[in-house]
1. Across the range 184-201, which residue is nearest to the ligand (Cβ to nearest atom) among those that are among the charged types (D, E, K, R) and in contact (Cβ under 8 Å) with a residue 60 or more places away in the chain?
2. Conditions: (1) part of a helix (DSSP H, G or I); (2) of a type in the set (Gly, Ala, Ser); (3) within 16 Å of the ligand (Cβ to nearest atom). GLY158 meets all but one. Number of the miss?
3. Could you check ASP255 against (1) assigned to a helix (DSSP H, G or I); (2) acidic (Asp, Glu); (3) within 24 Å of the chain's Cα centre (by Cα) and say which number it fails?
4. Return only the number of the condition from (1) under 20 Å from MET366 (Cα atoms); (2) more than 16 Å from the ligand (Cβ to nearest atom); (3) out of contact with any Asp or Glu (no Cβ under 8 Å at 6 or more places or on another chain) that VAL181 does not satisfy.
5. For ILE141, are the conditions met, namely being within 16 Å of the ligand (Cβ to nearest atom), under 20 Å from LEU283 (Cβ atoms) and among the hydrophobic types (A, V, I, L, M, F, W, C)?
6. Here are the criteria: (1) farther than 29 Å from MET366 by Cα; (2) away from the ligand (no atom under 15 Å from the Cβ); (3) surrounded by fewer than 19 Cβ atoms within 10 Å (Cβ to Cβ). Tell me which single one GLU120 does not satisfy.
7. Please return the ranges of helices (runs of 4 or more DSSP H) entirely within the range 48-151 where 1 or more residues are under 16 Å from ALA172 (Cβ atoms).
8. State whether one or more residues within the range 21-36 are modelled with pLDDT of 95 or more and within 16 Å of the ligand (Cβ to nearest atom).
Amino acid sequence: MTIREINIPKRTIMTPGPVEVHPRVLRALSYPVLGQFDPAFTEMMNEVMAMLRQLFRTKNNWAFPVDGTSRAGLEAVLASIIRPGDKVLVPIFGRFGYLLAEICERYRADVYTMECPWGEVFAPEDVIREIKRVAPEIVAIVHGETSTGCMQPLEEIGRACRELDVLCVVDAVATIGGTDVNTDEWCLDAVIGGTQKCLSVPSGMAPITFNSRIEKRINERKKVERGIATEEDLKRERERAPIFSNYFDISQLMDYWSPRRLNHHTEATSMLYALREGVRVVLEEGLGERFERHRLHEAALVEGIRAMGLELFAEGRRKLPTVTCVKVPEQIDADLVRNMMLDEFGVEIASSFGPLHGKIWRIGTMGYSCRKENVLFTLAALEAVLIHVGAPVQPGRALQAVLSFYHEKTAVKGGVS
Ligand SMILES: Cc1ncc(COP(=O)(O)O)c(C=O)c1O
């Protein structure tokens, strides 16, 4: 059998991740490999840490990527702070809340969950009431739920956690670089981002940041391991001590990301070039400008969806600006439509999970994929396929509505891309 040279088909990727990678990031990925202790590389590590602090809007000392997909970041933080029997409260409003609960359970936390219907978010006061009732050591919560297209307001929850001395760990995988994530202002103790979404870097690293409250917890354990603490402490800690992942032991990652540069695993140096360039692109654009661009193209997409006669699944204040969920019209095969869009137009949109599978499509407007041409092409492909399969849409309206929308914005702003 002859395996031919790789030939990647042309795609317009409008899913909630992975999305199209920025051309500058692709270029960075092709640079020659450097060793993980090469000063030219360790200098880049310092640059990445400085840029991640800006991205997360934090003064935290610690901001670095964990190697692995986004859940590697979630697992590293949770594995490093949970002691068996710790109470962790997980408010769940979609699939990724269940992921947080599962990770906490695997590290033997005593997990308390609260749920709201998919498509909704929690009133912060309800979460705060539950925090007071359960008195957990940790609250773990998703910011942007890609499974439902909803975004949980975190400011009040974060502040309440600080007042009640509870650690607040946040999954900002789908929001970092696409909409406001104000780590310090919202009193978030640890925040985990994703690369393959609004940063337009391939999947394979998870940028995280955490503050001294989290560091203190991690260090308590480390002292025991290093023999700084007494035998008795050691015994007590071992009894409570968790299974302890080696790969996700943040104390060891901190040793590599500190000036000591102690060896842990072999750093994915090429991925760090990619992350460095991806975050550089984000900061060059400016966080405020970037978030505005995400809102603009989200609004254009929504305008087109509505003009076509389709309905949104989650809208209003709870809507995640980087993901738009669209209800599948009755009698229409959701997967057939998606497959035709991919086969005929090379446009990829996403289905959903669990109770929403077949009921909604999820369209991302993230990072480099979040562009006028992509919005127009996706709407054109969706409309054409829906007409083809006999769905009751208003032909020809969507693109006209979106063109007018963009023209209006151009008149105000002097150009949109
Ligand atoms: C909100 C959210 N959290 C966590 C994850 C898990 O990320 P990964 O698949 O990169 O491990 C995803 C992935 O889509 C996500 O959307």
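1. So the residue we want is LYS197.
2. Every listed condition holds for GLY158 apart from (3).
3. The failed condition is (3).
4. In the conditions (1) under 20 Å from MET366 (Cα atoms); (2) more than 16 Å from the ligand (Cβ to nearest atom); (3) out of contact with any Asp or Glu (no Cβ under 8 Å at 6 or more places or on another chain), VAL181 misses (2) alone.
5. When the stated conditions are applied, ILE141 does not pass them.
6. (1)
7. Ranges flagged: 70-81, 95-106.
8. There is at least one residue in the range 21-36 that is modelled with pLDDT of 95 or more and within 16 Å of the ligand (Cβ to nearest atom).
The values are calculated or read from the model by the stated rules, or taken from the named source; none is laboratory data. Quick caveat, the model's predicted, so the values are computed rather than measured. Positions of Cβ are generated from backbone atoms using ideal geometry, with glycine treated the same way; all protein chains shown enter the neighbour counts.
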